[in-house]
Amino acid sequence: RLIESSLGSVATKLNFFIHNLAQMKFTGSEARPTLSFAPRTHTLKTSGRIRDVFLCRHERVFNPSKGYTYVVKVQRDNPGEVTFVQRTFEEFQELHNKLRLLFPSSLLPSFPSRFVIGRSRGEAVAERRKEELNGYIWHLIHAAPEVAECDLIYTFFHPLPRDEKAAGTNPTPKPADATWARSLGKVGGEVKLSISYKNNKLFIMVMHIRGLVGPTGMGLGDCPLPVLTACPHSAPQPPLQDGNDPDPYVKTYLLPDPQKTTKRKTKVARKTCNPTYNEMLVYDGIPRGDLEQRELRLSVLSEEGFWENILLGEVGIRLRDLDLAQEKMGWFALGSRGHGTL
């Protein structure tokens, strides 16, 4: 009875109120989420405003454990200030989980699933996650200011000691000035394209491909050198293990595209290393401002059956580098990270 009567006392209610305020203040100041792999917290003021991020590629790593790491190009407002950071899928996931503690889900983009279903191989999963993570980080830095400018994001994209060490031992090559496309990896042929934009429509004419090459009689794991290095056993032969010509087709995306709604494909050409398509791939309803934030990712694959399509080469074209007021036509070098299966 004494407890019941005390609960109705004004003094008791005031005491509870003061204690709750103190607890909220303590929780807000001491329990701010931090990233386990970042030794220091960085902010917009200390690091400089991030203007653009782009996930360039994935790389196979064996230390401290086997897996893949993703190389992210970070460009800030200061002209010429570009850094490269390497983050694992698990570190991206930790960033998302910590952001969820600070912001409602409505302010955050959806995070790619970590579950793998089917006979997907490690290289294929890494490639799929690369595209999905590209869309995720693009939406993060274009989110509401309270999200895009928060300390967690600026800490995540700030170089760590391991990034600086990697940059000193294996600097990222600069793109060639002779072309407005960035080839990825070793050249394995060329594709001729015509690109134009009119009335909010992007037109991509896939015309010809010439010189598809690659190792024969050798799987991805048989090459003793890294996948970005030309294998001494390679020869300008058809890129299939059975020695036959490929059945190539072209697939395109407009990145970032986490939901893969921009996928376009040509027909399959049978048994040739020099196919002709003359097919028009159209993207409708894309404003110019949105288009300038996208990259056209074009891949050439050989149709080998379910889950067995072989990557023959690819190229990335930053659309903001093009003069969209006039048609661009030319040959683009195809690169390849390796002749694995997707």
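The values are calculated or read from the model by the stated rules, or taken from the named source; none is laboratory data. If you're wondering where the values come from, they're calculated on a predicted model, not measured in any experiment. So basically every Cβ, Gly included, is an ideal-geometry build from the backbone, and we count neighbours across all protein chains shown. For accessibility, only protein heavy atoms count, side chains too; no ligands or nucleic acids. Shrake-Rupley method; radii C 1.70, N 1.55, O 1.52, S 1.80 Å.
Within segment 82-99, does at least one residue satisfy the condition of being part of a loop (DSSP other than H, G, I, E, B) and either modelled with pLDDT under 95 or not assigned by the TED database to the domain that holds L140 (or both)?
There is no residue in segment 82-99 that is part of a loop (DSSP other than H, G, I, E, B) and either modelled with pLDDT under 95 or not assigned by the TED database to the domain that holds L140 (or both).
I need a count of the residues in segment 291-328 that are open to solvent by less than 50 Å² (accessible area, probe 1.4 Å) and either among the aromatic types (F, W, Y) or not in a loop (DSSP other than H, G, I, E, B) (or both).
18
Looking at segment 252-269, I want the residues that are open to solvent by less than 90 Å² (accessible area, probe 1.4 Å) and have a partner that is assigned to a loop (DSSP other than H, G, I, E, B) and of a type outside the set (D, E, K, R) with Cβ atoms under 6 Å, at least 6 apart or on another chain. Which pairs are those?
Listed by first residue and then by second, the contacts come to Y253/T262; L254/T262; A269/P275.
Please go through segment 329-342 and pick out each residue that is surrounded by fewer than 19 Cβ atoms within 10 Å (Cβ to Cβ) and at pLDDT 90 or above.
Passing the criteria: M329, G330, W331.
Working only within segment 270-285, note down all residues that are open to solvent by 10 Å² or more (accessible area, probe 1.4 Å) and in a loop (DSSP other than H, G, I, E, B).
R270, K271, T272, C273, N274, G285
Which of the residues that make up segment 251-277 are of a type in the set (K, R) and closer than 16 Å to I195 by Cα?
K251, R264, K265
In this structure, does G118 turn out to be assigned by the TED database to the domain that holds P161, small (G, A, S) and at pLDDT 80 or above?
When the stated conditions are applied, G118 does not pass them.
Which residues, counting only those in segment 300-323, are closer than 26 Å to N199 by Cα and either in contact with a strand residue (DSSP E or B) (Cβ under 6 Å, 6 or more places away or on another chain) or not charged (D, E, K, R) (or both)?
Scanning segment 300-323 gives V315, G316, I317, R318, L319, L322.
If H19 satisfies every condition in (1) open to solvent by 100 Å² or more (accessible area, probe 1.4 Å); (2) modelled with pLDDT of 85 or more; (3) of a type outside the set (D, E, K, R) but one, which is the exception?
If we test H19 against (1) open to solvent by 100 Å² or more (accessible area, probe 1.4 Å); (2) modelled with pLDDT of 85 or more; (3) of a type outside the set (D, E, K, R), just (2) comes out false.
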